[in-house]
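Here the structure comes first, spelled out in structure tokens, and everything after it is commentary.
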Amino acid sequence: MIEVLALDFDGVVVESLDVKTQAFAAIFADRRQHLDAILKLHRENGGMTRFKKFEIIYRDILNEPLTSEESAALGERFERWVVDRVVACEPVRGSVELLRRWSPRLPIYVISATPHEEMRTIAAARGLTPYFADVFGSPTTKPEWLRHILTQHDLAPERVLFVGDARQDAAAAAETGVRFVRRYVPGLDPTFAGLPIQHTVADLAGLDTYLTEVLGLRL
């Protein structure tokens, strides 16, 4: 029986993946000759923090050093670009309804690669905070947050269900032993080879159906 539900945010609760792609395009607009490679790296590494992506971009694509001060400045530019846009973007179909229906029944957590305070600000601005037991972001990793939840609730891993759209989400679930459901995003097709996926849904209306009809949970 599932006793805790954990959700990635971008691409699972809100349709914000394009916003993040546009942000990378904006902050690296002066690197036009490298932009395709930068955006490819971003798209293929959903669930990776923006700061890790900056590190890889500078090391492997731009072949330039990146100081901690420069990385922090890029992060500030990125945050300024995305916050209001993520607050305003469309919810994933069924997400708000699922939160309203299931938050009285299950503790629901956000586990995101977005910086922690930024993620909490976005959830609050969208009016979603009351539905969540807590909202977690980086630099703490997704496996670390999943272990925190397991410890906090004193649960076996199979009692927790994590929903994500990226390979890194599935890898975090596999590392911690929790169950994993993939939200399939059209146009985003990362490889999940070798990773256990219990189910795939098109949206969170599909997750609601999975919880009730497949897992047998009752409100």
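The values are calculated or read from the model by the stated rules, or taken from the named source; none is laboratory data. All figures in this text were calculated on a predicted structure; none of them were measured in a lab. Cβ placement follows ideal geometry from the backbone for every residue including glycine, while neighbour counts extend to all protein chains displayed.
What the table shows:
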quantity: The stretch 42-86, residues that are without any contact (Cβ under 8 Å) to a residue 60 or more places away in the chain and either in the same structural domain as Phe192 (by TED's automatic domain parsing) or touching a His at 6+ places or on another chain (Cβ under 9 Å) (or both); calculated: Lys53, Ile57, Ile61, Leu62
quantity: Residues (touching a helix residue (DSSP H, G or I) at 6+ places or on another chain (Cβ under 8 Å) and either not in a helix (DSSP H, G or I) or not assigned by TED's automatic domain parsing to the domain that holds Phe78 (or both)) located in the stretch 21-41; calculated: Phe28, Ala29, Arg31
quantity: Residues (part of a strand (DSSP E or B) and more than 16 Å from the chain's Cα centre (by Cα)) located in the stretch 180-199; calculated: His199
quantity: Residue ID - farthest from Leu215 (Cα to Cα), chosen from residues in the stretch 168-194 that are crowded, with 18+ Cβ neighbours inside 10 Å and at pLDDT below 90; calculated: Pro190
quantity: Residue count, the stretch 112-164 (criterion: hydroxyl-bearing (Ser, Thr, Tyr), outside any helix (DSSP H, G or I) and either in contact with a Cys (Cβ under 8 Å, 6 or more places away or on another chain) or surrounded by fewer than 18 Cβ atoms within 10 Å (Cβ to Cβ) (or both)); calculated: 2
quantity: Inter-residue pairs, beta-carbon under 7 Å, first closer than 19 Å to Gly164 by Cβ and assigned to a helix (DSSP H, G or I) and in the stretch 203-219, second modelled with pLDDT of 85 or more and of a type in the set (S, T, N, Q), 6+ apart; calculated: Leu204/Ser95
quantity: Glu44 being under 27 Å from Leu207 (Cβ atoms) and buried (at least 17 other Cβ atoms within 10 Å of the Cβ); calculated: no
quantity: Matching residues, the stretch 7-41, being of a type in the set (A, V, I, L, M), surrounded by 17 or more Cβ atoms within 10 Å (Cβ to Cβ) and touching a residue at least 40 places away in the same chain (Cβ under 8 Å); calculated: Leu7, Val12, Val13, Val14, Leu17, Val19, Ala23, Ile27
quantity: Exclusive hit being in the same structural domain as Phe9 (by TED's automatic domain parsing), under 21 Å from Leu99 (Cβ atoms), without any contact (Cβ under 8 Å) to a residue 40 or more places away in the chain and among the aliphatic types (A, V, I, L, M), set Val163, Val181; calculated: Val181
